[in-house]
Every structure is written in C-alpha cells, then in structure tokens.
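Undergrad: Mind having a look at this structure? Questions to follow.
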Amino acid sequence: MTEIDSGAGVGPDRRRGPDLWSQSLRWLGIFGWFVMIVALFIIDRARPEEENMFTKSANVSVRTTWNQELIHYLLYLLIFGLCISVIGIVINSRRHHRKDDRLRYILIILGTISFFGIIKYLLKF
C-alpha cells in the first residue's frame with residue numbers, strides 16, 4: 001500500500017526558479033534593513049552630545065537634548081520599516097505553501113524592532 005500525502009494545497013512544484021514574489025520578498029528584506037541602518041544613523045546624530053576632555057578644555061557648549069527634527073524623521077523611518085515588514089509578511093504567508101518555501105524571519109525581526117521603536121518614541125518624546 002502506498003501513502004498518500006493529505007497536505008491541503010500541497011501539489012507538485014511547478015516553479016522554475018524564484019518568481020516575482022520570491023524576489024520581491026528578498027528585496028523587501030534588503031530595503032527594510034537599509035531603512036533600519038539609516039534609522040540607526042539618525043539616532044546617532046540626534047542623541048545628546050557627550051561632554052569630553054576636548055570640549056571642556058576648549059570651553060565649547062554641547063547640546064544636552066535630543067534633536068527633535070531628526071527624531072521626527074526617525075519616527076517616519078520606523079513606520080516605513082514596519083509597513084515594509086507587514087507587506088513582506090503578508091506576501092510570505094500567501095506564498096508559504098510548498099515544502100521548500102521558508103518563512104522570512106528577517107522581516108519579522110524588522111517589524112518587531114520597528115514596532116518597539118515606535119512604542120519607545122511615543123513613550124519618551
């Protein structure tokens with residue numbers, strides 16, 4: 001007797017390589033992490049400056065508060081990163097039917113970081 005795979009919606013794989021949706025998932029992940037790197041750069045530029053030996057000796061005043069204009073850009077980037085993540089997760093969930101399809105954890109991590117960044121912004125600023 002032969003075993004019959006009773007997996008719902010699972011049939012023979014007729015794909016001939018990565019299609020448009022698979023490629024779009026890859027590019028969404030790459031673009032989303034590029035947005036996150038830009039957000040990290042903005043955090044570095046927006047945070048208060050630290051007073052060190054050179055600024056004390058030169059009697060230079062340093063900014064002791066966050067740069068609010070850059071922080072607003074950061075919020076927009078985090079929202080954009082969350083949108084990219086959600087779109088990618090929706091596409092991935094629709095595509096996840098074959099055995100060789102895999103869940104793109106990188107999009108989930110991007111969405112989680114963006115979500116908690118937005119929450120921190122709302123609570124702190």
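Undergrad: Quick one: is SER114 exposed (fewer than 11 other Cβ atoms within 10 Å of the Cβ) and in contact with a Ser or Thr (Cβ under 9 Å, 6 or more places away or on another chain)?
TA: No, not satisfied.
Undergrad: Can I ask one more? Tally up the residues in segment 105-125 that are of a type in the set (Ser, Thr, Tyr), under 15 Å from the mean Cα position of the chain (by Cα) and modelled with pLDDT of 90 or more, please.
TA: 2
Undergrad: I need the full set of residues from segment 53-72 which are in contact with a helix residue (DSSP H, G or I) (Cβ under 6 Å, 6 or more places away or on another chain) and in a loop (DSSP other than H, G, I, E, B), in order please.
TA: Passing the criteria: VAL62, TRP66, ASN67.
The values are calculated or read from the model by the stated rules, or taken from the named source; none is laboratory data. If you're wondering where the values come from, they're calculated on a predicted model, not measured in any experiment. Cβ sites come from the backbone with ideal geometry, for glycine too, and all protein chains shown count toward neighbours.
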